[in-house]
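Take a look at the structure below.
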Amino acid sequence: MRFLRNFVIFVLAIFLVGCTGNEPDLKIQASVHANPWTHLNLYNNPDNFQFAIVADRTGGNRPGVFADAVEKLNLLKPEFVVSIGDLIEGYTHDDTELNRQWAEFDDIVDKLHVPFFYVPGNHDISNAAMADKWKERLGQSYYHFVYRDVLFLCLNTQDGSSRWIDDQQMQYFQNVLEANKDVRWTLVFMHQPMWYSGSSENWQQFELLLADRPYTVFAGHLHVYRKSIQEDRHYYLLGTTGGAGKGQAGKPAGLEECQFDHIVWVTMTDDGPVMANLLLDGILDDQPCPDP
């Protein structure tokens, strides 16, 4: 009788694991009547992935904050990190100074254990010398990639040192979108929030290219967090990851003003991206307190 009971438990355990469609190496004994867990539907769909977004570092850079973010990203282990621009202070024509600023940033981001995707902001490309320096060090200023059937569009909103994208860039993304009609989601990253400022007509033209697909938009520049819904799509303005705020000593003013240093944690699901704002002060390593 004991053998029969154990055999039933073993078969039931295999059945419970197998019917979830999850990893077959999960080994767990299950009783017939009751178990101390809710269910075995593990959240481990390989098409659901996590990546992070970092916000403005400059426009009043507070030293050490972005470096702290990099250390905490290494604890979190996203698959990759995307920026929304303003990585150096910029606003200079001096080649030596630009090299110094980019070398300083590279020294920080080189400590990141996962890939980092650059997006230019006004502090990174605001004149011809800075645009040339970007091209020399990083290559193209706008681009795209596809990961697990999700299309990532990385825009340069500094074309012509203003807040729009030129005809060449518009054509590039039109071609990209036409070539990737059937992706499950499209994510758009830019620095200037074109739906807030700049040439709204130009942004409306870009929106028309996106109109027949699900998409989400991320931008920065204003150092204030905002979420809006337009045409049933989510648009996010991000806060800062080291940039200046309106609080004391240039720090973000706090949640009451929607100003904070954060990392955006994105989980890509079948229903679109799920976002979590992780405040830097709330991410601690495995030894957050001094030894007693």
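The values are calculated or read from the model by the stated rules, or taken from the named source; none is laboratory data. Note that the structure is predicted; figures quoted are calculated from it, not measured. Here the Cβ positions follow ideal geometry from the backbone for every residue, glycine too, while neighbour counts run over all protein chains shown.
The rows are residues; the columns are (1) β-branched (Val, Ile, Thr); (2) under 30 Å from ASP286 (Cα atoms); (3) surrounded by 15 or more Cβ atoms within 10 Å (Cβ to Cβ).
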site: LYS72; (1), (2), (3): no, yes, yes
site: VAL82; (1), (2), (3): yes, yes, yes
site: ASP94; (1), (2), (3): no, no, no
site: ASP110; (1), (2), (3): no, yes, no
Of those in the range 80-102 that are of a type in the set (D, E, K, R) and part of a helix (DSSP H, G or I), the residue farthest from the chain's Cα centre (by Cα) is ASP95
Among residues of the range 132-154 being surrounded by fewer than 20 Cβ atoms within 10 Å (Cβ to Cβ) and basic (Lys, Arg), the residue nearest to the chain's Cα centre (by Cα) is ARG148
Checklist entry - Quick check: anything in the range 186-207 closer than 19 Å to LEU87 by Cβ and loosely packed, with under 15 Cβ neighbours inside 10 Å? => result no
Of LEU279, LEU255, the only residue that is over 16 Å from GLY59 (Cα atoms) and in contact with a His (Cβ under 7 Å, 6 or more places away or on another chain) is LEU279
Out of all the residues in the range 144-161, is one or more among the basic types (Lys, Arg) and in contact (Cβ under 8 Å) with a residue 60 or more places away in the chain? yes
Result of the Cβ filter at 7 Å on the range 234-260, keeping first residues that are within 15 Å of GLY220 (Cβ to Cβ) and surrounded by fewer than 22 Cβ atoms within 10 Å (Cβ to Cβ) and partners that are modelled with pLDDT under 95 and among the aromatic types (Phe, Trp, Tyr), at least 6 apart or interchain, is TYR235/TRP195
For THR157, the lone unmet condition from (1) assigned to a loop (DSSP other than H, G, I, E, B); (2) surrounded by fewer than 21 Cβ atoms within 10 Å (Cβ to Cβ) is (2)
Checked the range 123-170 for anything charged (D, E, K, R) and at pLDDT 95 or above; matches are ASP124, ASP132, LYS133, LYS135, GLU136, ARG137, ARG148, ASP149
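The rows are residues; the columns are (1) at pLDDT 85 or above; (2) surrounded by 15 or more Cβ atoms within 10 Å (Cβ to Cβ); (3) out of contact with any helix residue (DSSP H, G or I) (no Cβ under 6 Å at 6 or more places or on another chain).
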{"position": "LEU12", "(1), (2), (3)": "no, yes, yes"}
{"position": "GLY18", "(1), (2), (3)": "no, no, yes"}
{"position": "GLY21", "(1), (2), (3)": "no, no, yes"}
{"position": "PRO24", "(1), (2), (3)": "no, no, yes"}
{"position": "TRP37", "(1), (2), (3)": "yes, no, yes"}
{"position": "PRO46", "(1), (2), (3)": "yes, no, yes"}
{"position": "GLY59", "(1), (2), (3)": "yes, yes, yes"}
{"position": "PRO63", "(1), (2), (3)": "yes, no, yes"}
{"position": "LYS77", "(1), (2), (3)": "yes, no, yes"}
Across (1) free of Cβ contacts under 8 Å to residues at least 40 places away in the same chain; (2) out of contact with any Phe, Trp or Tyr (no Cβ under 9 Å at 6 or more places or on another chain), TRP134 clears everything bar (2)
The correct count of residues that are more than 19 Å from ASN202 (Cα to Cα), of a type in the set (S, T, N, Q) and exposed (fewer than 14 other Cβ atoms within 10 Å of the Cβ) in the range 160-185 is 0
**Asked** Is at least one residue of the range 218-232 in contact with a Cys (Cβ under 7 Å, 6 or more places away or on another chain) and not basic (Lys, Arg)?
**Response** yes
ILE165 vs. criteria aliphatic (A, V, I, L, M), in a loop (DSSP other than H, G, I, E, B) and in contact (Cβ under 8 Å) with a residue 40 or more places away in the chain: yes
If we keep only residues of the range 271-292 that are within 19 Å of GLY242 (Cβ to Cβ) and of a type in the set (A, V, I, L, M, F, W, C), then the residue farthest from the chain's Cα centre (by Cα) is LEU284
